[in-house]
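The values are calculated or read from the model by the stated rules, or taken from the named source; none is laboratory data. From a predicted model like this one, the values you see are computed outputs, not experimental measurements. No Cβ is skipped: glycine too gets one built from the backbone with ideal geometry, and neighbour counts run over all protein chains shown.
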Amino acid sequence: MLLFWVTIHVLLHQGNTLAPVVTVQLGQPVTFTCVFNMSVESIVLLFWCKQTAGDTLKLIVMKRIHTTPTYGPGFTSENVKITYNNKMTNLTILKTAKEDEGMYHCGLLDWLSSSWNGSYLLITGSSETTTSSYRVVQEPAVLDLHGKETSETLQCSLLSQTETDACAGDPSVFWFRTGSDKNSPDLIYTDGQMPENCEKTSNTQNKCRYNFSKNISSSDVGTYYCAVATCKEILLGNGTRIESGMNCYA
């Protein structure tokens, strides 16, 4: 399963907080983990909820300790699984679909307090039934530093069909980097970034460019991704791989 963690500023999450984003291939299982600072045995109520852009929270599953789980509309033990032990609970979607994309919250209640945690699920890949009027393309695909520090500009282009209806608000663009350690990605986010320019590239397509400039050295090698949030979906670019050029003949 292609699974890696990134941390970006997700505007869909309540408040201006950093929410972890889980990226998984369409059709693969995915597991969310929620860690408590108290024993599960002391919790009165444990629940998982889902929220998509522009929508309210929807209950996935609710469980009182030592009782049978109660599932929300559209969810059953056949498509989601909840487990817990000591100070941790897991929610597993057994087979992801495009409509599973969104924010997932875990919550717990004890007699005196409550707490929340959230993760955003981003689905990659496509199927014959999955269509979108938007596409994100990054340039260049590979950038070689030749072992020296340099100032570079990475380009992210949002392509859309001209007949596509406009959505409320402007697209939000985020940048993040994954290095050799996929569990410790770097966050580079641009909140409310405006496009450098937009143009009509053909009779049926528009193109808006978002640029990210940075002084890059060998310590910055990795793959840089652009993610665009628009029209209740998040689109991930193909990535720009930055190489130091130091290991070509090692």
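Structure summary
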| item | result |
| --- | --- |
| Members of the range 219-229 that are more than 13 Å from the chain's Cα centre (by Cα), in contact (Cβ under 8 Å) with a residue 24 or more places away in the chain and surrounded by fewer than 22 Cβ atoms within 10 Å (Cβ to Cβ) | Asp220, Val221, Gly222, Thr223 |
| Meets criteria (surrounded by 15 or more Cβ atoms within 10 Å (Cβ to Cβ) and either among the acidic types (Asp, Glu) or modelled with pLDDT of 90 or more (or both)) for Gln51 | no |
| Qualifying residue in the range 32-43 (condition: at pLDDT below 75, over 13 Å from Trp116 (Cα atoms) and among the small types (Gly, Ala, Ser)) | yes |
| Candidates Ile60, Ile123, Ile82, filtered to the one that is modelled with pLDDT of 75 or more, within 30 Å of Thr223 (Cβ to Cβ) and surrounded by 17 or more Cβ atoms within 10 Å (Cβ to Cβ) | Ile123 |
| Hits in the range 75-92 - residues which are assigned to a loop (DSSP other than H, G, I, E, B) and touching a residue at least 12 places away in the same chain (Cβ under 8 Å) | Phe75, Glu78, Asn79, Asn86, Lys87 |
| Count of residues meeting criterion [surrounded by 15 or more Cβ atoms within 10 Å (Cβ to Cβ) and not aromatic (Phe, Trp, Tyr)] in the range 93-120 | 14 |
| Hits in the range 93-115 (condition: in contact (Cβ under 8 Å) with a residue 60 or more places away in the chain and either hydrophobic (A, V, I, L, M, F, W, C) or touching a Pro at 6+ places or on another chain (Cβ under 6 Å) (or both)) | Ile93, Leu94, Ala97, Met103, Cys106, Leu108, Leu109, Trp111 |
